[in-house]
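Here the structure comes first, spelled out in structure tokens, and everything after it is commentary.
The values are calculated or read from the model by the stated rules, or taken from the named source; none is laboratory data. Just so we're clear, the structure is a prediction, and the values are computed from it rather than from any experiment. Methodologically, a virtual Cβ is constructed for each residue, glycine included, from the backbone with ideal geometry; neighbour enumeration extends over all protein chains shown. Surface areas here come from the heavy atoms of the whole protein model, side chains and all, with no ligands, DNA or RNA. Shrake-Rupley method; radii C 1.70, N 1.55, O 1.52, S 1.80 Å.
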Amino acid sequence: MTTAFVLSGGGGLGAVQVGMLRALTARGIVPDLVVGSSVGAINGAFFAGDPTPDGVEALDSVWRAIRQGDVFPMDPRAAVLGLLGRRDHLVSPAALERLLRTHLGYDRLEQAPIPIHVVATEVARGTEVVLSAGDSVQALLASAAIPGVFPPVAFGGRLLMDGGVVDNTPIGPAVGLGADVVYVLPTEYRREGLQPSRSVLGAAMRALSIMAEQRLLGDVDRYGKLVHVEVVPPPPIPVRSPIDFGGTAHLIDAATETAVRWLERRPRAHPSQRVRVHHHDGQTTISVGRRTRRASSAGFDRRLGAADHPPAA
């Protein structure tokens, strides 16, 4: 059995994944591979570098110290140039790059103790790209390059941007890499009751989150016919913006508590179960699964085709 952790994008709401990782590792649940998109790629890469409770605590410390300016430093001049079409982004990635190089701990993706696979989007074709080797910081900057906010990143001869554009919760790549069991660690950004965003950053993040939510529901249904999928529930948190880092400590603590309760109460799902939607602590969550053997790329494509087009009874 090959277990994968799949971590979603979501900006500052990625803090909840620290609490989820803490609960999972405390239970002795450690993956064979990690796949992430955007902030999920960043968290996944940190975790893959030290997949232990101590490693999670180190990631916790980084998150609790982050302020908005450490990720989204606002430069009015740069913003004006971006709005006038004289540059392709509003925010310099220098602060985020500095944060990553200071704390990540390894230079190349293939050096991580647990294989880490980073999802980005190729700008020219709008297609998904999975990065498994190469400069770790550049790969993460590419995966987190929100269109119009950060500049696209040249990597391996291609120009790349945020992985969340095409696959914010990359379950498909994890299955394609041979995962039989997938733990999805989503972020949470509620749409209900939100007022119009007051910032360009907030509007961009909101647009991505709305698209990502619909994709996640479809992918859980689709890939749940092939493998066992567990969606770790995010905590029931007040509506907040993905660019707000002011409540990070609360997000981490609430996510830890929610994930611990979920692990204690969740039923031992039989591998043959299909999609099940249930409610827990005010959150709608999804548990699905059918376990399959590891397959070659061609075999995976055949399985996926069969899942999308089941034979007539």
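As an equivalent ellipsoid, the stretch 96-138 spans semi-axes of 21, 14, 7 angstrom, where each value is the square root of five times an eigenvalue of the C-alpha gyration tensor, largest first.
How do D50, D219 rank by accessible surface area computed with a 1.4 Å probe, from largest to smallest?
D50, D219
For the stretch 37-50, 3J(HN,Hα) computed residue by residue from phi via the Karplus equation (6.51, -1.76, 1.60; θ = phi - 60°) reads 10, 6, 5, x, 5, 5, 4, x, 5, 4, 5, 4, x, 7 Hz, glycine and proline entered as x.
Taking 20 Å as the cut-off, the amide N atoms of the stretch 124-167 that come nearer than this to a point 7 Å along the Cα-to-beta-carbon line of D32 belong to 131-133. Between T52 and D221, how high is the FRET efficiency from 1/(1 + (r/R0)^6) when r is the Cβ-Cβ distance and R₀ = 45 Å? Nearest 0.05. Efficiency, from the Cβ-Cβ distance: 0.85. Amide H contacts of G10 (H built 1.01 Å from N, in plane; Pro and chain starts excluded): V39, G40 sit under 5 Å, all sequence-distant by 5 or more or on other chains. For V184, nonlocal amide neighbours, meaning residues 5 or more places apart or on other chains whose placed amide H falls under 5 Å from its own, are V6, E230, V231, V232.
Find how much the distance from A65 to A124 grows on full extension, using 0.36 nm per residue of separation minus their present alpha carbon separation; answer in nm with one decimal. Can you show the working numbers first?
On the way: separation 59, 0.36 × 59 = 21.24 nm, distance 3.61 nm.
Roughly 17.6 nm would be gained on extension.
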